[in-house]
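The values are calculated or read from the model by the stated rules, or taken from the named source; none is laboratory data. A quick note: this is a predicted structure, and the numbers were derived from the prediction, not measured. Positions of Cβ are generated from backbone atoms using ideal geometry, with glycine treated the same way; all protein chains shown enter the neighbour counts. With ligands, DNA and RNA removed, areas are computed over all heavy atoms of the protein, side chains included. Shrake-Rupley method; radii C 1.70, N 1.55, O 1.52, S 1.80 Å.
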Amino acid sequence: MAKGLRSSVKKANKAKLRSRVFKPVEDARTERLSAKLLELASSKRQPEREKEAKMDDAPEVAQISQRKQADPNTAVHTQEVMEMDDGELTAASATASAPKGASRIQKRGRGKASSSMVFPVYKKGKRVGSGKKPRRLRNGALMAHTVLLHLAWDSLNASVVRIVGIVGTMNRFDVQPLGRFAGTSSTIRRPKEITNFSYDDKHEYHLDDRSLRYYYPPTLGADLSKGFDTFQQLDDTADDHLDSLLKTIMALEERTRAKQEADIITWRGMMTKIMATPFENMNGFEINATLFQGTIYIEENHDSKLEQRQAQRRQPWQAGVPQDLMTYWGYKFETLSLLPDQWDPTTREFIETREDLVVNNNAQYCSVVRTGIGKAKLIIGGEVDAVWDCKPDNKEDPIHWVELKTSAEIENERDMLKYERKLLKFWIQSFLLGVPRIIVGFRSKNGILQRLEELETKNIPSTVKRRGNGTWDGNLCINFTASFLDWLKRTITSDGVWRIRRREKMPEIEVFKQEETGYGEILSPEFVEWRRMLTEKSVRNIERKENVI
């Protein structure tokens, strides 16, 4: 019974996928091909008709008549070719052009036997279609349709290339086979904070740590849905590019009077997408890149981000809960777990009434770290939820950061597999910024906080490996990232705007240039001017030292 129930559920799920996901895509593709076929057919007929209007075709008709009398087979072939070139050959026209040998016995080859059995198709309990076997096209018609389909496909490919705006060569990095990335992990440089900045409650930029928060355990049994109607949600529909990160780096360089050298400068989110690629097959990504003074700057493609968000909102609700509410649960958990100051000066009243606070995700503390994976040196910026105790006075000491996450309560083996897959993102996000501890708040299906679990970031890959489900491997992710970044440095060797793209379920990452020159809007004009001025100043200092020597 259980096996039959599972099979029924699988069949129902597959039927939903066919109707909701695959069918719209196939219908859209069919419409595009049909439109292209009509366009190609009409464009092909027009020049031929103009040509025929200008030319005297009487001699040609006479020659064809003579050939038909001399050799009927040749005449048939000529007729088929002419009609096929005109793009209008059908089974009926091919039949009409056959020779009429009334006094001659026509032998028909038996050919290969084909089945005439047709199985009826049912959809939602109702029979669909006439149940008749489709009529077969003759060789000439089949050849004509095949040629047109090839022409349409080539034209569509050319159109896609023009729409995407590819300039130059399409470069590909193979994700599969994963076995070549197995083994001991590549060299890793421990992330070290070099600077920071904050966004306030209105999401305005500040070059300080005013939005730094401190962890204090929340009260179990809290309703994570409370206050959803007063949620002050960040509006991130505008494309901020790398502006805040670059502004912070400029301030650091001005303070230290030294250029911050790196192979790659980007947000943590972009590195998370790349690093999770070997085990994240269902979700693709598109990110932009540019090269300036030997450094590759990477940002998210904003249009792709908005499209993915809309697609997520169109997905069916999980357990009858809207996606926006589930997102709110995560921010509510953070509000219940944070203090604006250390524990000592914070009042007991504030701690006990955190459940009544208005949730606002505009305020953020962002850490900027220097790290390295393999041969690539990176500067990464990203939000940090809280600090466990306080930031050390000695900047060489590690900071006891805390990452806050929520997850549904684990009730069966299927829930455990889903949780292990979520741990991949949890681990990568904390690994990249050097966050040593993750606090997971487990909730019920209706959003009631039930328990807390404390995880050490460094132990997560080994814990997942010991469970033996094979959902992901940390060393493989590190080795893959090291290989890809090394290849990326060899691929992006000139300025212009580049696109780094991983399509859903595709075993490769594509890298191609979209704009031949410039930096798009990835780099702000202020940053470009600052770096050029800094380079000129550095050159003058070197020349001055050489003259002194």
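Within 29 Å of the chain's Cα centre (by Cα), among the hydrophobic types (A, V, I, L, M, F, W, C) and at pLDDT 95 or above, is that true of Trp329?
Yes: the conditions hold for Trp329.
The rows are residues; the columns are (1) among the polar types (S, T, N, Q); (2) touching a helix residue (DSSP H, G or I) at 6+ places or on another chain (Cβ under 6 Å); (3) under 30 Å from Gln176 (Cβ atoms); (4) open to solvent by 40 Å² or more (accessible area, probe 1.4 Å).
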{"residue": "Glu510", "(1), (2), (3), (4)": "no, no, yes, no"}
{"residue": "Gly518", "(1), (2), (3), (4)": "no, no, no, no"}
{"residue": "Glu521", "(1), (2), (3), (4)": "no, no, no, yes"}
{"residue": "Ser524", "(1), (2), (3), (4)": "yes, yes, no, no"}
{"residue": "Phe527", "(1), (2), (3), (4)": "no, yes, no, no"}
{"residue": "Arg532", "(1), (2), (3), (4)": "no, no, no, yes"}
{"residue": "Glu536", "(1), (2), (3), (4)": "no, no, no, yes"}
{"residue": "Ile542", "(1), (2), (3), (4)": "no, no, no, yes"}
{"residue": "Lys545", "(1), (2), (3), (4)": "no, no, no, yes"}
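For the stretch 457-497, how many residues meet the condition of being of a type in the set (A, V, I, L, M, F, W, C), in a loop (DSSP other than H, G, I, E, B) and either at positive phi or in contact with a Pro (Cβ under 9 Å, 6 or more places away or on another chain) (or both)?
1
Looking only at the stretch 24-57, which residues are acidic (Asp, Glu), at pLDDT 50 or above and either closer than 30 Å to Ala311 by Cα or surrounded by fewer than 10 Cβ atoms within 10 Å (Cβ to Cβ) (or both)?
Glu26, Asp27, Glu31
Pick from Glu409, Glu456, Glu413: which is charged (D, E, K, R) and closer than 20 Å to Met275 by Cβ?
Step by step, each of Glu409, Glu456, Glu413 is checked, and only Glu456 is charged (D, E, K, R) and closer than 20 Å to Met275 by Cβ.
Looking only at the stretch 174-191, count every residue that is in a strand (DSSP E or B) and touching a Gly at 6+ places or on another chain (Cβ under 6 Å) and tell me the total.
Count: 2.
Is there a residue being surrounded by fewer than 16 Cβ atoms within 10 Å (Cβ to Cβ) and either in contact with a Lys or Arg (Cβ under 7 Å, 6 or more places away or on another chain) or not charged (D, E, K, R) (or both) anywhere in the stretch 364-379?
no
As an exercise: evaluate Val369 against (1) under 28 Å from the mean Cα position of the chain (by Cα); (2) under 21 Å from Asp229 (Cβ atoms); (3) not small (Gly, Ala, Ser) and give the number of the one condition it does not meet.
Failing condition for Val369: (2).
Would the stretch 178-195 turn up any residue that is touching a residue at least 12 places away in the same chain (Cβ under 8 Å) and closer than 22 Å to Phe292 by Cβ?
yes
Output the residues belonging to the stretch 392-416 that are surrounded by 17 or more Cβ atoms within 10 Å (Cβ to Cβ) and either under 20 Å from Tyr365 (Cα atoms) or out of contact with any Gly (no Cβ under 8 Å at 6 or more places or on another chain) (or both).
Passing the criteria: Ile399, Trp401, Val402, Glu403, Leu404, Lys405, Thr406, Ala408.
Going by the conditions given, is Phe442 in contact with a Lys or Arg (Cβ under 9 Å, 6 or more places away or on another chain), assigned to a helix (DSSP H, G or I) and either of a type in the set (A, V, I, L, M, F, W, C) or closer than 30 Å to Lys247 by Cβ (or both)?
no
Restricting to the stretch 290-324, what's the tally of residues that are outside any helix (DSSP H, G or I) and more than 16 Å from Met270 (Cβ to Cβ)?
Qualifying residue count for the region: 11.
Of all residues in the stretch 307-350 being charged (D, E, K, R) and over 18 Å from Thr237 (Cβ atoms), which is surrounded by the most Cβ atoms within 10 Å (Cβ to Cβ)?
My answer is Lys332.
Can you find, within the stretch 273-283, the residue that is nearest to the chain's Cα centre (by Cα) among those that are open to solvent by 10 Å² or more (accessible area, probe 1.4 Å) and not acidic (Asp, Glu)?
The qualifying residue nearest to the chain's Cα centre (by Cα) is Asn283.
Could you count how many residues in the stretch 232-280 are assigned to a loop (DSSP other than H, G, I, E, B) and within 25 Å of Gln429 (Cα to Cα)?
Of the residues in the stretch 232-280, 16 are assigned to a loop (DSSP other than H, G, I, E, B) and within 25 Å of Gln429 (Cα to Cα).
What are the residues in the stretch 260-295 that are under 15 Å from Thr371 (Cα atoms) and either in contact with a Pro (Cβ under 6 Å, 6 or more places away or on another chain) or aliphatic (A, V, I, L, M) (or both), if any?
Ala262, Ile264, Ile265, Met270, Met271, Met275
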